[in-house]
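The values are calculated or read from the model by the stated rules, or taken from the named source; none is laboratory data. Bear in mind that the values here come from a model prediction, so they are computed numbers and not experimental data. Please note: Cβ atoms are built from the backbone with ideal geometry, for glycine as well, and neighbour counts cover all protein chains shown.
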Amino acid sequence: MKTIVFLMLLTCGIVRSAAAADGGVADFDKLQMSYQGAVERETAPLRDKYLVELEKLRDTYSRAGNLAGANVVQAEITTMNQQIAFAKTGKRAPTQATAVAAANAGKPTAEAEMPELRWFVGKTWLTEAQTKWKFEKDGTGERVRGSQKTATFTWRLLPSGAIELSERTAPNKPVTTTFLRFKNKFEAWFGPSEASLTERLHYE
């Protein structure tokens with residue numbers, strides 16, 4: 001009710017201002033900023049509680065060894081924190097879709113979509129050279145060439161929708177990072193960075 005009264009009073013004030021300024025665009029900007037501020041004040045407590053529960057769930061998944069679940073929850077936490085940052089600067093808080101789109105500026109829209117975990121978790125994908133990448137649900141995996149394991153890795157889902165692989169060919173070897181993007185349940189691309197995904201993967 002308080003919010004409704006506030007908006008009614010705000011509208012009256014803006015209408016008077018618009019009449020004085022002959023309907024300038026600045027009046028719309030002022031109304032929009034005031035509205036966004038009111039929404040922020042009303043939703044901030046609910047959002048903060050949501051963040052606390054998300055962090056608890058992420059920690060529960062981590063303790064249980066469910067790295068895949070923890071990664072998904074962390075991606076949501078990152079998106080929420082982006083919304084908070086935008087709200088504090090007085091800008092429009094992005095939805096999850098727009099936050100992902102911003103993280104993928106310059107990339108085709110289809111590439112900005114979040115993959116479905118069922119596309120690759122518990123499954124094996126192949127490179128064009130027939131190297132197998134096996135993804136486990138606990139966030140680990142291995143790369144196999146023929147019958148020989150050539151590397152082990154851990155994977156995590158990034159807020160951008162890409163998958164980051166931290167790969168090691170041997171215990172005494174340095175960790176290398178590879179990025180993947182799953183376009184659908186049959187096709188994926190990988191490379192050394194999110195901006196350079198030039199090698200194709202396909203579902204076994």
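Observations
- Test: residue in segment 144-155 that is modelled with pLDDT under 90, among the charged types (D, E, K, R) and surrounded by 14 or more Cβ atoms within 10 Å (Cβ to Cβ): no
- Of all residues in segment 52-71, those satisfying the criterion of being of a type outside the set (S, T, N, Q), loosely packed, with under 15 Cβ neighbours inside 10 Å and either in a helix (DSSP H, G or I) or in contact with a strand residue (DSSP E or B) (Cβ under 8 Å, 6 or more places away or on another chain) (or both) are V52, E53, E55, K56, D59, R63.
- Subset of segment 183-204 [among the small types (G, A, S), surrounded by 12 or more Cβ atoms within 10 Å (Cβ to Cβ) and over 15 Å from M114 (Cα atoms)]: G191
- The set of residues in segment 33-55 that are among the hydroxyl-bearing types (S, T, Y) and under 22 Å from N71 (Cβ atoms) contains only Y50.
- Each residue in segment 150-200 was checked for being farther than 26 Å from V73 by Cα, in a strand (DSSP E or B) and not small (G, A, S), and 3 of them qualify.
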